[in-house]
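The values are calculated or read from the model by the stated rules, or taken from the named source; none is laboratory data. All values derive from a computational prediction rather than experimental measurement. When we count neighbours, we look across all protein chains shown, and the Cβ atoms used for this are built from the backbone with ideal geometry, even at glycine.
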2 protein chains.
Amino acid sequence: MSHQNKPAVAVIGLGSMGMGMACSLLREGFSVAGCDINPAARAAFAKAGGAVADTAAGAASGADIVISVVVNAAQTEQLLTEEAGVIDAMAIDGLFVSCATMDPAIARRLADAVEAGGRHYLDAPISGGAVRAAEGALTVMASGSAAAFARAEPALDAVAAKVFRLGDAAGQGSAFKMVNQLLAGVHIAVASEAMVFAASQGLDLQQVYEVITASAGNSWMFENRMPHVIAGDYSPASAIDIFVKDLGIVDDMARSARMPTPIAAAALHMYLAASGMGMGRDDDSSVARVYATLGNQTLPGGKNR
Amino acid sequence: MSHQNKPAVAVIGLGSMGMGMACSLLREGFSVAGCDINPAARAAFAKAGGAVADTAAGAASGADIVISVVVNAAQTEQLLTEEAGVIDAMAIDGLFVSCATMDPAIARRLADAVEAGGRHYLDAPISGGAVRAAEGALTVMASGSAAAFARAEPALDAVAAKVFRLGDAAGQGSAFKMVNQLLAGVHIAVASEAMVFAASQGLDLQQVYEVITASAGNSWMFENRMPHVIAGDYSPASAIDIFVKDLGIVDDMARSARMPTPIAAAALHMYLAASGMGMGRDDDSSVARVYATLGNQTLPGGKNR
């Protein structure tokens with residue numbers, strides 16, 4: 001425990017989500033050590049009052065709680081290998097909180113590795129976006145042992161508005177997150193399909209937005225993403241390649257479970273097309289530009305790539 | 001005009017939507033003649049205080065406004081043929097309001113027929129369901145001439161909470177409705193896909209509902225329909241065959257416009273499977289039972305047909 005009677009926390013990965021979480025913890029009086037491969041992120045966190053380490057093991061050194069907010073399963077696994085040394089660096093009996101979206105089977109494997117090292121693991125994917133991360137108002141879809149939850153509670157209180165307790169084993173939180181990603185990914189793709197279909201019928205897209213958001217065809221993603229299409233602004237809030245990854249994981253899980261998911265598969269291939277056409281780092285609403293190319297329609301902004 | 005200085009109205013088609021609209025008009029002091037092929041519907045409307053006719057032309061006789069709330073384009077077209085004789089029965093300069101969901105190209109053809117007969121046409125598909133129809137609180141997606149809108153206004157005020165004015169020609173209202181149906185149909189199908197995918201991962205479906213409705217993966221249809229799946233209750237609020245029809249119209253329009261809609265097509269084929277498996281008249285959330293069959297999962301209620 002730190003001298004303030006709060007657990008010492010490390011946050012590994014200071015992107016938009018990790019930075020928001022780390023700053024929320026600082027605001028609540030935690031001592032926080034941060035680490036990122038990007039020097040600009042490290043400098044920004046130092047300026048916000050955080051301690052900064054050059055390596056993940058350095059940040060994790062003696063930490064009661066290590067929160068991993070890296071991009072994917074591979075980066076999370078890298079932290080836990082002997083070279084990176086995060087497990088051994090942590091306080092004995094400490095807690096590793098994994099926030100990256102990943103296949104539940106991998107989450108279970110990572111939990112085994114952490115627990116074999118004498119530490120606890122919380123499977124804790126997050127939802128809500130950068131704004132709510134900065135506000136300490138994320139949603140957390142968590143699973144793990146009672147001991148892991150008990151250790152996590154003060155830190156989760158600082159970063160989340162809502163913590164779902166979804167089971168006592170690693171993998172369950174990740175499985176709920178993948179159900180959400182299946183729906184979110186399909187909803188952005190079909191919103192794009194519907195908007196370009198509307199364009200093919202000569203409809204005014206702003207009027208389509210007003211009618212749909214007041215009707216039974218609405219979704220959270222339609223309402224959130226289609227303003228980007230109407231503005232012709234594809235600067236990334238969240239990138240196409242995130243859904244190439246996440247619907248890819250859904251596809252892996254579906255194949256493994258012999259569970260056909262034809263609609264998610266159709267959506268995945270639209271994200272693959274967007275990425276293949278060079279828009280992988282653009283906003284995920286760029287799927288609309290793929291549809292505009294296929295249907296020979298012109299969207300606001302005019303460029304289909 | 002009727003003796004109460006309100007236009008005389010006929011409502012053709014006294015199903016759950018038409019009955020609600022006809023009763024809302026009675027409540028607002030209109031004299032309303034109703035007609036339906038089902039004797040029980042005619043008796044119920046008479047009991048509610050409406051005038052009842054045996055034929056569509058009888059109901060339409062002398063009416064200033066005829067509101068057609070039949071099931072589809074074919075039934076609407078049937079009303080306007082010489083045999084049914086609705087056009088000639090209406091008051092000269094009267095208004096025909098068409099509420100059935102249909103291909104915009106057919107709406108334009110029907111408008112031409114009505115206008116050639118010296119009457120006005122409002123393309124006015126509706127949204128909101130039986131409860132809001134009974135409350136006089138529907139959403140109307142309307143297009144037509146200024147003269148048609150002027151004549152429609154008092155009746156629309158009685159049946160709708162929100163009237164979108166979507167253009168000055170028949171077809172535009174129907175096109176907006178089809179964009180809504182594309183999204184609504186896909187959202188029910190992918191909600192079903194996600195729920196059975198969740199079941200394949202061993203997740204508790206009630207917990208999935210709580211997490212998703214609080215997350216970015218939510219849609220109006222997920223929230224509205226998935227309680228049927230969790231309850232294992234497929235008694236029809238709205239039937240599978242409605243989306244076989246409506247996504248079929250979307251597919252017709254997409255083919256005609258050379259506008260690929262792969263996600264809507266994937267969803268259409270799931271509704272076709274449900275209908276082919278004998279569930280055409282069951283609730284549209286029965287798509288979940290198709291997925292359960294394909295993925296060998298057991299849903300609440302236990303029966304996949």
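Give the residues of segment B:131-143 that are within 13 Å of chain A (Cβ to nearest Cβ) and in a helix (DSSP H, G or I), sorted by residue number.
B:V131, B:R132
Could we say that A:I263 is more than 25 Å from the chain's Cα centre (by Cα), closer than 30 Å to B:T139 by Cα, facing chain B (nearest Cβ under 7 Å) and hydrophobic (A, V, I, L, M, F, W, C) here?
Numbers: more than 25 Å from the chain's Cα centre (by Cα): no; closer than 30 Å to B:T139 by Cα: yes; facing chain B (nearest Cβ under 7 Å): yes; hydrophobic (A, V, I, L, M, F, W, C): yes.
Considered against the rule, which asks whether it is more than 25 Å from the chain's Cα centre (by Cα), closer than 30 Å to B:T139 by Cα, facing chain B (nearest Cβ under 7 Å) and hydrophobic (A, V, I, L, M, F, W, C), A:I263 comes out as no.
Taking segment A:80-129, which residues are surrounded by fewer than 22 Cβ atoms within 10 Å (Cβ to Cβ), modelled with pLDDT under 95, within 13 Å of chain B (Cβ to nearest Cβ) and on the phi < 0 side of the Ramachandran plot?
none
Can you name the number of the only condition in (1) crowded, with 20+ Cβ neighbours inside 10 Å; (2) under 20 Å from A:T55 (Cα atoms) that A:S16 fails?
That leaves (1) as the condition not met.
Any chance you could count how many residues in segment B:1-60 are in a helix (DSSP H, G or I) and either in contact with a strand residue (DSSP E or B) (Cβ under 6 Å, 6 or more places away or on another chain) or of a type outside the set (D, E, K, R) (or both)?
Initial filter on segment B:1-60 (in a helix (DSSP H, G or I)): B:16-27, B:39-47, B:56-60.
Going one step further and asking which of them are either in contact with a strand residue (DSSP E or B) (Cβ under 6 Å, 6 or more places away or on another chain) or of a type outside the set (D, E, K, R) (or both), we end up with B:16-26, B:39-46, B:56-60.
The qualifying residues number 24.
Here are B:D88, B:D112, B:D103: which of them is acidic (D, E), over 30 Å from B:S256 (Cβ atoms) and either in contact (Cβ under 8 Å) with a residue 12 or more places away in the chain or assigned by TED's automatic domain parsing to the domain that holds B:M141 (or both)? Lay out the reasoning, then the answer.
Numbers: B:D112 fails: over 30 Å from B:S256 (Cβ atoms); B:D103 fails: over 30 Å from B:S256 (Cβ atoms).
Matching residue, one of B:D88, B:D112, B:D103: B:D88.
Provide a single number: the residues in segment A:151-172 that are crowded, with 19+ Cβ neighbours inside 10 Å and within 10 Å of chain B (Cβ to nearest Cβ).
Looking only at that region, the number is 5.
Based on what the data block shows, is A:D282 farther than 30 Å from B:T293 by Cβ and in contact with a strand residue (DSSP E or B) (Cβ under 8 Å, 6 or more places away or on another chain)?
On the way: farther than 30 Å from B:T293 by Cβ: yes; in contact with a strand residue (DSSP E or B) (Cβ under 8 Å, 6 or more places away or on another chain): yes.
For A:D282, the condition - farther than 30 Å from B:T293 by Cβ and in contact with a strand residue (DSSP E or B) (Cβ under 8 Å, 6 or more places away or on another chain) - is met.
Can you pull out every residue in segment B:191-217 that is polar (S, T, N, Q) and under 14 Å from A:M141 (Cβ atoms)? First the steps, then the outcome.
Restricting attention to segment B:191-217, the residues satisfying the condition of being polar (S, T, N, Q) are B:192, B:200-201, B:206-207, B:213, B:215.
Answer for segment B:191-217, where residues must be polar (S, T, N, Q) and under 14 Å from A:M141 (Cβ atoms): B:Q201, B:Q207, B:T213, B:S215.
Any residue that is buried (at least 22 other Cβ atoms within 10 Å of the Cβ) and among the hydroxyl-bearing types (S, T, Y) - is there at least one of those in segment B:238-258?
no
Among the residues of segment A:281-305, write down those that are touching a residue at least 12 places away in the same chain (Cβ under 8 Å) and surrounded by fewer than 18 Cβ atoms within 10 Å (Cβ to Cβ).
Residues satisfying the conditions are A:R281, A:T293, A:T298, A:P300, A:G301, A:G302, A:K303, A:R305.
Using the structure shown, decide if A:A48 is surrounded by fewer than 17 Cβ atoms within 10 Å (Cβ to Cβ), under 21 Å from A:V140 (Cα atoms) and not β-branched (V, I, T). First the steps, then the outcome.
Details: surrounded by fewer than 17 Cβ atoms within 10 Å (Cβ to Cβ): yes; under 21 Å from A:V140 (Cα atoms): no; not β-branched (V, I, T): yes.
No: the conditions fail for A:A48.
Consider only pairs whose beta carbons are under 8 Å apart and that are at least six residues apart or on different chains; among these, list those whose first residue lies in segment B:261-279 and is assigned by TED's automatic domain parsing to the domain that holds B:S235 and modelled with pLDDT of 95 or more and whose second residue is of a type in the set (K, R) and buried (at least 22 other Cβ atoms within 10 Å of the Cβ).
Sorted first by the residue in segment B:261-279, then by its partner, the pairs are B:A274/B:R289; B:M277/B:R289; B:M279/B:R289.
Looking at segment A:173-189, which of its residues are more than 9 Å from every other protein chain (Cβ to nearest Cβ) and of a type in the set (A, V, I, L, M)?
Of everything in segment A:173-189, just one residue is more than 9 Å from every other protein chain (Cβ to nearest Cβ) and of a type in the set (A, V, I, L, M), namely A:I188.
Which of (1) outside any helix (DSSP H, G or I); (2) within 24 Å of the chain's Cα centre (by Cα) does B:H187 not meet, given it meets every other one?
(1)
Among the numbered criteria (1) crowded, with 24+ Cβ neighbours inside 10 Å; (2) within 29 Å of A:A198 (Cβ to Cβ), which single criterion is violated by B:A63?
With respect to (1) crowded, with 24+ Cβ neighbours inside 10 Å; (2) within 29 Å of A:A198 (Cβ to Cβ), B:A63 is out only on (2).
Do the conditions hold for B:M270, that is, is it surrounded by 23 or more Cβ atoms within 10 Å (Cβ to Cβ), more than 10 Å from chain A (Cβ to nearest Cβ) and in contact with a helix residue (DSSP H, G or I) (Cβ under 9 Å, 6 or more places away or on another chain)?
Numbers: surrounded by 23 or more Cβ atoms within 10 Å (Cβ to Cβ): yes; more than 10 Å from chain A (Cβ to nearest Cβ): no; in contact with a helix residue (DSSP H, G or I) (Cβ under 9 Å, 6 or more places away or on another chain): yes.
It is false that B:M270 is surrounded by 23 or more Cβ atoms within 10 Å (Cβ to Cβ), more than 10 Å from chain A (Cβ to nearest Cβ) and in contact with a helix residue (DSSP H, G or I) (Cβ under 9 Å, 6 or more places away or on another chain).
So A:S286 passes all but one of these: (1) among the hydroxyl-bearing types (S, T, Y); (2) away from chain B (no Cβ under 11 Å); (3) not in a helix (DSSP H, G or I). Which condition number does it fail?
Tallying (1) among the hydroxyl-bearing types (S, T, Y); (2) away from chain B (no Cβ under 11 Å); (3) not in a helix (DSSP H, G or I), A:S286 fails exactly one: (3).
Hey, among the residues in segment B:190-216 that are facing another protein chain (nearest Cβ under 7 Å) and not in a helix (DSSP H, G or I), which one's farthest from A:A169 (Cα to Cα)?
The selected residue is B:A216.
Could you check segment B:144-176 and list, in sequence order, the residues that are of a type outside the set (F, W, Y) and part of a strand (DSSP E or B)?
First, the residues of segment B:144-176 that are of a type outside the set (F, W, Y): B:144-148, B:150-163, B:165-175.
Hits for segment B:144-176 are B:G144, B:A160, B:A161, B:K162, B:V163, B:R165.
Scan segment A:181-202 and report the pairs whose first residue is more than 23 Å from B:I212 (Cβ to Cβ) and whose second residue is of a type in the set (S, T, Y) and in a helix (DSSP H, G or I), with Cβ atoms within less than 7 Å and a gap of 6+ or a chain change.
Close Cβ pairs satisfying both conditions: A:V196/A:Y291.
Among the residues of segment A:130-150, what is the count of those that are farther than 19 Å from A:F30 by Cα, among the small types (G, A, S) and buried (at least 16 other Cβ atoms within 10 Å of the Cβ)?
4
Please enumerate the residues belonging to segment A:143-176 that are within 16 Å of B:A214 (Cβ to Cβ) and small (G, A, S).
Step one: of segment A:143-176, the residues within 16 Å of B:A214 (Cβ to Cβ) are A:156, A:160-166, A:173, A:176.
Correct list: A:A160, A:A161, A:G173.
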